[in-house]
């Protein structure tokens with residue numbers, strides 16, 4: 001049996017989470033629902049669960065204007081850009097940085113946990129965060145990082 005290479009496993013999970021986040025953001029634009037409305041919400045017979053008045057700012061940026069799903073789509077596509085890089089991005093230090101990927105995944109997690117369609121993407125983003133963190137703790141280096149060292153962008 002071989003050893004598990006954590007950053008490669010995290011990359012696969014991150015790709016799945018980002019594709020899911022992009023689709024969830026698309027569906028979140030058309031089917032708007034604030035996920036945390038059950039906390040302090042009121043159950044109405046003809047209206048279902050209605051968010052409490054304290055959640056009005058969140059309802060405004062998720063339900064009334066789908067700002068959060070749009071930003072979730074943008075972050076999902078940005079993470080996909082780092083996971084399947086263009087040749088222009090592949091030679092940069094940002095592509096080789098595992099810490100930057102963790103930061104982007106944390107933002108994706110926070111955005112996706114807020115609306116109903118993004119909850120599964122948030123769970124998979126959290127798993128990718130744990131895997132990338134484990135890779136950082138083990139001191140793993142990306143294969144591309146070894147190949148591009150000292151290339152100066154001429155590759």
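The values are calculated or read from the model by the stated rules, or taken from the named source; none is laboratory data. Owing to the predicted nature of the structure, the values given are computational and were not obtained by experimental measurement. Neighbour counts run over all protein chains shown; Cβ positions are idealised from the backbone, glycine included.
Condition first: over 25 Å from residue 36 (Cα atoms) and over 16 Å from the mean Cα position of the chain (by Cα). Now tell me which residues in segment 61-94 satisfy that.
Residues satisfying the conditions are 85, 86, 87, 88, 89, 90, 91, 92, 93, 94.
Looking at the structure I just gave you, is residue 141 surrounded by fewer than 17 Cβ atoms within 10 Å (Cβ to Cβ), in contact with a helix residue (DSSP H, G or I) (Cβ under 9 Å, 6 or more places away or on another chain) and at pLDDT below 95?
Working: surrounded by fewer than 17 Cβ atoms within 10 Å (Cβ to Cβ): yes; in contact with a helix residue (DSSP H, G or I) (Cβ under 9 Å, 6 or more places away or on another chain): yes; at pLDDT below 95: yes.
For residue 141, the condition - surrounded by fewer than 17 Cβ atoms within 10 Å (Cβ to Cβ), in contact with a helix residue (DSSP H, G or I) (Cβ under 9 Å, 6 or more places away or on another chain) and at pLDDT below 95 - is met.
Check every one of the helices (runs of 4 or more DSSP H) wholly within segment 30-121 and list those with 2 or more residues that are crowded, with 18+ Cβ neighbours inside 10 Å. Show your work before the answer.
On the way: elements: 56-59, 67-83, 87-90, 93-96, 98-112.
Counting at least 2 such residues, we get 67-83, 93-96, 98-112.
In contact (Cβ under 8 Å) with a residue 40 or more places away in the chain and in contact with a strand residue (DSSP E or B) (Cβ under 9 Å, 6 or more places away or on another chain), is that true of residue 44? So that I can check it myself, show each step before the final result.
Numbers: in contact (Cβ under 8 Å) with a residue 40 or more places away in the chain: no; in contact with a strand residue (DSSP E or B) (Cβ under 9 Å, 6 or more places away or on another chain): yes.
No.
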